[in-house]
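Comments concern the structure below.
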Amino acid sequence: MTYSQPEIISLPKILDERGNLSFLEENNHVPFPIERIHWIYDVPGGQTRGGHAYKTGVEYIVALSGSFDVVVKTGEKESRFHLNRSYFGLLVPALFWRHMENFSTNSLALVISGNRYDPDDYIRNMEDLKKLRQDAGIDSI
Ligand code: TYD
């Protein structure tokens, strides 16, 4: 499975009158080996998180509770994904700028990553991202 573009990936949903269940497996629903999981919670109203890209890191983001928007861009265009259910998430490949905003009260963002935390993998400047994408010959969204 290739993942050169951001895309929504649906997860299994086991409906049950006792309460529903969803799950994910690495290299299956999430198309990469899982190295790390972090989550974002207690976000004050109006705050944004995650204004950066990764050189190599890929992420899968799920709204386990509540809702928020993930805005993904590479320079000129941007795409907004509204995450509001725990049975789908957004795959964000490497070399895409992303930030998260419009967090609802008590929202819980689960972020599954394909690599360990590495500050050197962060791209914190959009011009650097554009240059890296140009050098790699990658089309923008
Ligand atoms: P950062 O990735 O910059 O958060 P966001 O992109 O959501 O704004 O991380 C914030 C801080 O947390 C930073 O000091 C690094 C630390 N951190 C870790 O130590 N391990 C992790 O896995 C993550 C994601 C962050």
* Asked: Given the chain, what percent of its DSSP beta bridges are antiparallel, to the nearest 5?
  -> 95 percent
* Asked: Between LYS13 and GLN47, what FRET efficiency follows from the Cβ-Cβ distance if R0 is 35 Å, with the result rounded to 0.05?
  -> 0.75
* Asked: How much of the accessible area of region 60-141, probe 1.4 Å, is carbon plus sulfur, in whole percent?
  -> 44 percent
* Asked: Each residue of region 23-31 in order: what ³J(HN,Hα) in whole Hz does its phi give by Karplus 6.51 cos²θ - 1.76 cosθ + 1.60, θ = phi - 60°, with x for Gly and Pro?
  -> 7, 9, 10, 5, 6, 9, 5, 9, x
* Pairs of lysine in the chain with Cα under 18 Å and at least 8 positions apart or on different chains: total? -> 7
* To do: Kindly report the accessible area of the chain per residue (heavy atoms of protein chains, probe 1.4 Å, no ligands, DNA or RNA), in Å².
  => 57 Å²
* When the convex hull of its Cα atoms is projected in every direction, mean area for region 74-132 (nm²) -> 5.2 nm²
* Structure fact -> With 0.36 nm assigned to each residue of separation and the Cα-Cα distance removed, LEU21 to TYR87 gains 22.9 nm
* **Theoretical ellipticity at 222 nm over the chain - DSSP helices of four or more residues, -39500 (n - 2.57) apiece, nearest 500** => -2500 deg cm²/dmol
* Structure fact -> Between the alpha carbon centres of region 1-63 and region 86-139 the gap in Å comes to 11 Å
* Residues with amide H under 5 Å from that of ASN115, placed H, sequence gap 5 or more -> GLU35, ARG36, VAL58
* Length released on extending from ASP120 to GLU35, taking residue separation times 0.36 nm less the Cα-Cα span -> 29.0 nm
* Segment LYS77-ASP128, extension gain: residue separation times 0.36 nm, minus the distance between their alpha carbons -> 16.7 nm
* Structure fact -> Dividing the alpha-carbon radius of gyration of the chain by 2.2 N^0.38 Å, where N counts its residues, gives 1.05
* To do: Report, in degrees rounded to the nearest 10, the 0 to 90 angle that the Cα long axis of helix 126-136 makes with the longest principal axis of the chain.
  => 80 degrees
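The values are calculated or read from the model by the stated rules, or taken from the named source; none is laboratory data. Computed from a prediction, not measured in an experiment: that's the story for all the values here. Note that we place each Cβ from the backbone using ideal geometry, even for glycine, and neighbour counts take in every protein chain shown. Accessible surface is based on the protein model in full, side chains and every heavy atom, while ligands, DNA and RNA are left aside. Shrake-Rupley method; radii C 1.70, N 1.55, O 1.52, S 1.80 Å.
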